[in-house]
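Everything below concerns the one structure shown next.
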Amino acid sequence: MDCIFCKIAAKEIPSNLVYEDEQVCAFYDLDPQAPVHVLIIPKAHIASAQEITPENSAAVAHIFEVAAKLAADLGLENGFRIVNNCGKDGQQTVQHLHFHLLGGRQMQWPPG
């Protein structure tokens, strides 16, 4: 499999890691869209939100637990945004489930 996020999780490709445990890792986005922009991924390959099942959904719940911890650790006490792009029409560019944790400024609505 030629998945860049799998390679980052396996430490085959370096990243600016901010969090890691046995299930997930989180690292700073290379093209930040906010002062804080962290990607949180499951270490197990799940291509997109369309592939979440009862067998792998615990990883997604854990990602949201990690997001809350990271938000607190990174000083996002005024709030933050979590974004998941799913599939081609959803503008998913890496075919590995990932969530963007964005914060450090007032976020726009609609997003953009």
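The values are calculated or read from the model by the stated rules, or taken from the named source; none is laboratory data. Bear in mind that the values here come from a model prediction, so they are computed numbers and not experimental data. All Cβ positions, even for glycine, are placed from backbone atoms using ideal geometry, and neighbour counts span all protein chains on display. Surface accessibility is based on the protein's heavy atoms, side chains included, excluding ligands, DNA and RNA. Shrake-Rupley method; radii C 1.70, N 1.55, O 1.52, S 1.80 Å.
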- [ ] Enumerate the pairs (first residue in region 87-110 and within 17 Å of residue 24 (Cβ to Cβ); second residue anywhere and in a loop (DSSP other than H, G, I, E, B) and β-branched (Val, Ile, Thr)) with beta-carbon separation below 8 Å, excluding pairs fewer than 6 apart on the same chain, so at least 6 apart or on different chains.
- [x] 96/46; 97/46; 97/52
Open item on the list: Tell me yes or no: at least one residue of region 6-13 is within 23 Å of residue 88 (Cβ to Cβ), open to solvent by 50 Å² or more (accessible area, probe 1.4 Å) and modelled with pLDDT of 95 or more.
Closed with: yes
Task: Candidates 44, 9, 59, filtered to the one that is touching a Pro at 6+ places or on another chain (Cβ under 7 Å) and aliphatic (A, V, I, L, M) - done: 59
Open item on the list: Which numbered condition in (1) within 22 Å of residue 105 (Cβ to Cβ); (2) open to solvent by less than 30 Å² (accessible area, probe 1.4 Å) is the only one that residue 60 fails?
Closed with: (1)
Open item on the list: For region 91-112, which positions are surrounded by 12 or more Cβ atoms within 10 Å (Cβ to Cβ) and under 30 Å from residue 2 (Cβ atoms)?
Closed with: 92, 94, 95, 96, 97, 98, 99, 100, 101, 102
- [ ] Name every residue in region 66-90 that is touching a helix residue (DSSP H, G or I) at 6+ places or on another chain (Cβ under 7 Å) and surrounded by 18 or more Cβ atoms within 10 Å (Cβ to Cβ), in order of residue number.
- [x] 80
Task: Within region 21-42, tally of residues that are surrounded by 15 or more Cβ atoms within 10 Å (Cβ to Cβ) and among the acidic types (Asp, Glu) - done: 1
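Report, by residue number, each residue of region 74-112 that is charged (D, E, K, R) and in contact with a strand residue (DSSP E or B) (Cβ under 8 Å, 6 or more places away or on another chain).
Kept after step one, since they are charged (D, E, K, R), are these residues of region 74-112: 77, 81, 88-89, 105.
Scanning region 74-112 gives a single hit, 81.
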